[in-house]
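Okay, structure first, notes after.
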Amino acid sequence: MILNRYLCSASVRDAPEGLKTWQVWGLTLFGYFRPASLRIRQAQAIYRSCMQQADSPALRRGLGLPMEGFAPQHQLLLIHLWLINKRLLSEGK
């Protein structure tokens, strides 16, 4: 599924490659791997993905929206976020 890469849970084992042990320890100490921190990073990844879709010229052309302007971009972003939210709620995640 497309959303699995954004919603998979991470742990210390999933720390970025190349980090030294003390760096992983520091990230753990300051809460980088806490569930709330993970959810924030996952939400930011979903938001960035929605922003990229809202900026897509092909999508705007397909919907007949103007290519420039705040209102069309904002409307597309809100619709995309709403659809993602509904999908996640229906899947129980």
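The values are calculated or read from the model by the stated rules, or taken from the named source; none is laboratory data. Keep in mind the model is a prediction, meaning the values are calculated, not measured. Every residue, glycine among them, receives a Cβ derived from its backbone with ideal geometry; neighbour counts consider all protein chains shown. What goes into the accessible areas is simple: the full protein's heavy atoms, side chains included, and nothing from ligands, DNA or RNA. Shrake-Rupley method; radii C 1.70, N 1.55, O 1.52, S 1.80 Å.
Remark: pairs (first residue in region 72-93, closer than 27 Å to Pro57 by Cβ; second residue open to solvent by 70 Å² or more (accessible area, probe 1.4 Å) and assigned to a helix (DSSP H, G or I); Cβ separation under 6 Å; 6+ apart in sequence or on different chains) = His80/Gln53.
Just so you know, in region 7-27 the residues that are assigned to a loop (DSSP other than H, G, I, E, B) and modelled with pLDDT of 75 or more include one that is surrounded by the fewest Cβ atoms within 10 Å (Cβ to Cβ), and it is Glu17. For Ser56, are the conditions met, namely being open to solvent by less than 80 Å² (accessible area, probe 1.4 Å), touching a residue at least 40 places away in the same chain (Cβ under 8 Å) and small (Gly, Ala, Ser)? Judged against the criteria, Ser56 is not a match. Scanning region 29-87 for residues that are within 30 Å of Leu19 (Cβ to Cβ) and among the aliphatic types (A, V, I, L, M) yields Leu29, Ala36, Leu38, Ile40, Ala43, Ala45, Ile46, Met51.
If you scan region 28-37, which residues turn out to be assigned to a helix (DSSP H, G or I), under 21 Å from the mean Cα position of the chain (by Cα) and surrounded by 12 or more Cβ atoms within 10 Å (Cβ to Cβ)? Answer for region 28-37, where residues must be assigned to a helix (DSSP H, G or I), under 21 Å from the mean Cα position of the chain (by Cα) and surrounded by 12 or more Cβ atoms within 10 Å (Cβ to Cβ): just Ser37.
So in region 67-93, with the set limited to residues that are open to solvent by less than 90 Å² (accessible area, probe 1.4 Å) and assigned to a loop (DSSP other than H, G, I, E, B), which one is farthest from Cys50 (Cα to Cα)? Out of the qualifying residues, it is Gly92.
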